[in-house]
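What follows is a short report on a single structure.
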Amino acid sequence: MESADLIRDSLRRYLRDNNMSLHIYGNHAGLNTGTLSRILKGRVLISFSQLQKITESMNLPEDYFFDAFVEECLKKLSIRRTRPFIWSCAKMGRLECIDRVVFGLLENNMLVEHLFNLAEELFAEKHFKAAAIIYARVSVAERYQHSERLALCRYRLFLCSLGTDIEANLKAAIVFEDYVDRLDVANQLDALKQLINVMMTVHNWSRVDELADEMLRIATIQYDLEPSFQHKPERPLYFYILYAWLIKGTVCEENRDYDSALEYVALYASGETWIREEDEDAKWYVNQFKEWATANTYLYRLWSGTIDALHEYARFLDDHPDEVFIGLTNIVQAANQFDFDIDDILDRFAAFLPFRFQEKKNAHGSYDSTILKEKYAQFLYDLAIYRAKQNLKTEINILLDGFGISIKINSIQNILAHMTLFEQYREWVTPEQKATFKNLTSEVKIDAIKKQLYF
């Protein structure tokens, strides 16, 4: 930690080394001579705009004095003085400076609301790491208050924590869950959707079902009330009703209750019968859920062992390339379960392999890339089992690809599944494949595996 005097000492040294008077330097730096004199004597604090001019005039890196300026900020606790500094730190990644400044500012409880509002501004501009630091500090300051602001801090921290590490996402979800019902209705709906996504990646289907029930309850009540939101949810209210039905159908699928799953299909396929809105968004959502209803009707017939549904589903995928990945995942699983021959289908969609995952965004939102990556790890595991009937060496290479992806996203269930299957085929593994497996295994987070095994 550097003293704020470093800035003044450095300026005095610069003036001496360059044989410059305050007047000459003031003209050079664009600073008033009187102001410079008072700064050097310590009679006034340095503002951030003055710091920028001093730094630039001395040909130093923009953030050269940032550590020292933290101490300058804390001599007088003021949001107005520190706001531009915090923004600059956020843009330059000087997160440790933000943390020190915010920690000091929170000695004044009157600044809690101002800091929260600043975090919201940073979050809106996608400076998530900087915003997270302030949310965390505000959460501590508010920890004894059962306030909506505390809940919103915890929600933002949850969102900032989400990434490709599935186990880390789960931990963040568990920490946040207790705060959901303290949020306003709009944020509750979006928070429930995020929690559902996380719980789906760890296959906690009972919790997924509970969250979908809560989403359905809230969205149905609000849609009937036709509320005027101060803060709107990310999507129209009717979306959350349709989505809750879709998720509940997925839960039934996972529980192999295909009759109940088809009942939910009928619900989210009939949006046009009750959705009041008639704009382009409403038409898009109605058609999208109808498309998913058609796909899932084929899927549930397929899971019932109906061979005709296999080729009907494949024809559906021909016309809906965006659904190919999910469709092939289901088809390969069904082939393993019912001993279907799907070589022709895999050949037909060979151009889609390997799948490449990017966040697919459109006007109506985005697909969760972590869910897709977790499903791809599952897909490669299932494809390896299917291919083992034809070429064991190919099967093991596919398995190793899936194992690598599982490690990258820290999906414990998939890691364990891939490792177990590899051991079953170890006697047929080549030395090169053994070496690859050993290298990948060294990257596995052993502590997380132990927790999964023993708890």
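Throughout, read-outs are computed from the coordinates displayed, never taken from laboratory work. Just so it is clear, the structure is predicted and the values come from calculations on it, not from any experiment. Cβ atoms come from the backbone with ideal geometry, glycine included; neighbour counts cover every protein chain shown.
Calculated FRET efficiency, F229 to E312, Cβ-Cβ distance, R0 = 51 Å: about 0.75 to the nearest 0.05.
Only sites in a loop by DSSP and with at most 11 other Cβ atoms within 10 Å count here; which chymotrypsin sites (Phe, Trp or Tyr not before Pro) in the stretch 92-180 make the cut?
Y144
In order along the stretch 410-417, the phi-based Karplus estimate (6.51 cos²θ - 1.76 cosθ + 1.60, θ = phi - 60°) of 3J(HN,Hα) comes to 6, 8, 4, 4, 6, 4, 4, 5 Hz; Gly and Pro are listed as x. Diagonalising the gyration tensor over the Cα atoms of the stretch 79-126 and scaling each eigenvalue by 5 before taking the square root yields semi-axes of 17, 13, 9 Å, largest first.
Restricting the trypsin sites (Lys or Arg not before Pro) of the stretch 10-44 to loop positions (DSSP other than H, G, I, E, B) with no more than 11 neighbouring Cβ atoms within 10 Å leaves K41, R43.
With each label modelled as a point 7 angstrom along the Cα→C-beta vector, the K393-E210 pair spans 5.1 nm. Spin-label model, T273/I221: points 7 Å from Cα along the beta carbon direction are separated by 2.6 nm. Residue exposure proxy: L246, L122, ordered by other Cβ atoms within 10 angstrom of their Cβ from fewest to most, comes out as L246, L122. Taking a ≥ b ≥ c as the square roots of the Cα gyration tensor eigenvalues, with a/c under 1.5 meaning rounded and otherwise prolate when a/b beats b/c, else oblate, which class fits the stretch 36-145? Oblate, because a/c is 1.5 or more while a/b does not exceed b/c.
FRET efficiency for the L77 to N27 pair, using the beta carbon distance and R₀ = 35 Å, is estimated at 0.55. Over the chain, dividing the summed -39,500 (n - 2.57) contributions of all DSSP H runs of at least 4 residues by the number of residues returns a 222 nm mean residue ellipticity of -22500 deg cm²/dmol.
Per the Kirkwood formula applied to alpha carbons, the stretch 225-293 shows a radius of gyration over Rh ratio, Rg over Rh, of 1.03.
For the chain, the relative contact order works out to 8 percent when only alpha carbon pairs closer than 8 Å and six or more residues apart are counted.
By the beta-carbon count within 10 Å of each Cβ, the least crowded to most crowded order of M215, M58, M92, M200, fewest first, is M92, M58, M200, M215. Gyration tensor over the Cα atoms of the chain: the corresponding equivalent ellipsoid has semi-axes (square roots of 5 times the eigenvalues, largest first) of 53, 30, 19 Å.
Between D341 and K126, full extension at 0.36 nm per residue minus the direct alpha carbon distance yields a gain of 72.6 nm.
Is any residue of the stretch 41-58 close enough, with backbone N under 18 Å, to a label point placed 7 angstrom from the Cα of N108 along the Cα-Cβ axis, and if so, which? Hits in the stretch 41-58 for N108 at 18 Å: 44-49. Look at T201, T420, T436 and count the other Cβ atoms within 10 Å of each Cβ; fewest to most, that gives T420, T436, T201.
Assuming R0 = 45 Å, can you tell me the calculated FRET efficiency for the pair K283 and D63, based on Cβ-Cβ distance, to the nearest 0.05?
Efficiency, rounded to the nearest 0.05: 0.35.
Simple spin-label estimate for T164 and R348 gives 3.2 nm between the two label positions (7 Å along the Cα-to-Cβ direction from each Cα).
Take every Cα pair under 8 Å whose residues are at least 6 apart in sequence, average their separation, divide by the length of the stretch 66-160, and the relative contact order is 24 percent. Projection of the Cα convex hull of the stretch 165-275, averaged over all directions and equal to a quarter of that hull's surface, yields 7.2 nm². The chymotrypsin sites (Phe, Trp or Tyr not before Pro) of the stretch 205-265 that DSSP puts in a loop, and whose beta carbon has at most 16 other beta carbons within 10 Å, are F229.
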